[in-house]
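A short write-up of the structure that comes next.
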Amino acid sequence: MAQRRDKENYYLDIADSVSERSTCLRRRYGAIIVSNDEIISTGYNGAPRGRKNCSDLGRCTREELKIPSGQRYELCRSVHAEANAIISASRRDMIDAVLYLSGRDGHSDDLLRDTTCCSMCRRMIINAGIKKVVARVGDQGEITETLVQEWIDHDDTEPAV
């Protein structure tokens, strides 16, 4: 019998599969929220319901303006994968849950080396009560785990003194 896939990679595989629904031309993200070993919601990055996606328009404003990753999110048409997963879940189900995240380059389809949550998504994850974020990164699909408490303790929105 073949060796059974461990749960961490199983859930990351599902998050990666969810990312295939992404409509972003720049980066494709997929997220799933798991509580008590049960998937409670999924999300991928794409325009809000009823609005045209970048893939429909054939263009990305942030790419056209050469805006670096992590900047000027207000120009992006997409709702992030993490946000869409949170929107689709009940808060009581997210308390102490784990969010699994996979990101791929929209052009090469390679796993991103810097898959992480933006500061806006971090705030939503904190308020949702999620306890940990697990992401697949790099060429070999390494796994990173971040305890959400670290984002609370090391507030990236406070000015450095």
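Scanning for something within 19 Å of Glu142 (Cα to Cα), in contact with a helix residue (DSSP H, G or I) (Cβ under 6 Å, 6 or more places away or on another chain) and aromatic (Phe, Trp, Tyr), does segment 8-28 turn up at least one residue? Full working, then the answer.
Keep residues of segment 8-28 that are within 19 Å of Glu142 (Cα to Cα), which gives 8-19, 27-28.
Filter once more, keeping what is in contact with a helix residue (DSSP H, G or I) (Cβ under 6 Å, 6 or more places away or on another chain): 28.
Filter once more, so that each one left must be aromatic (Phe, Trp, Tyr): none.
No, segment 8-28 has no match at all.
Which number in (1) among the hydrophobic types (A, V, I, L, M, F, W, C); (2) more than 24 Å from Asp37 (Cα to Cα); (3) in a loop (DSSP other than H, G, I, E, B) marks the one condition that Cys117 misses?
Status for Cys117: all satisfied but (2).
Out of all the residues in segment 1-53, which are in contact (Cβ under 8 Å) with a residue 24 or more places away in the chain, among the hydrophobic types (A, V, I, L, M, F, W, C) and either loosely packed, with under 15 Cβ neighbours inside 10 Å or more than 12 Å from Leu101 (Cβ to Cβ) (or both)?
Cys24, Leu25, Ile39, Ile40, Ala47
Which ones in segment 44-90 are among the hydrophobic types (A, V, I, L, M, F, W, C), over 16 Å from Asp105 (Cβ atoms) and at pLDDT 95 or above?
Within segment 44-90, Ala83, Ala85, Ile86, Ile87, Ala89 meet the criteria.
In the set Ser78, Ser88, which member is open to solvent by less than 40 Å² (accessible area, probe 1.4 Å), hydroxyl-bearing (Ser, Thr, Tyr), out of contact with any Asp or Glu (no Cβ under 6 Å at 6 or more places or on another chain) and in contact (Cβ under 8 Å) with a residue 40 or more places away in the chain?
Values: Ser88 fails: open to solvent by less than 40 Å² (accessible area, probe 1.4 Å).
Exactly one residue qualifies, and that residue is Ser78.
The values are calculated or read from the model by the stated rules, or taken from the named source; none is laboratory data. This is a predicted model, so every value here is computed, not measured. A quick note on method: Cβ atoms are made from the backbone with ideal geometry, for glycine too, and the neighbour counts reach across all protein chains shown. Note: accessible area is taken over every heavy atom of the protein model, side chains too, but ligands, DNA and RNA are not part of it. Shrake-Rupley method; radii C 1.70, N 1.55, O 1.52, S 1.80 Å.
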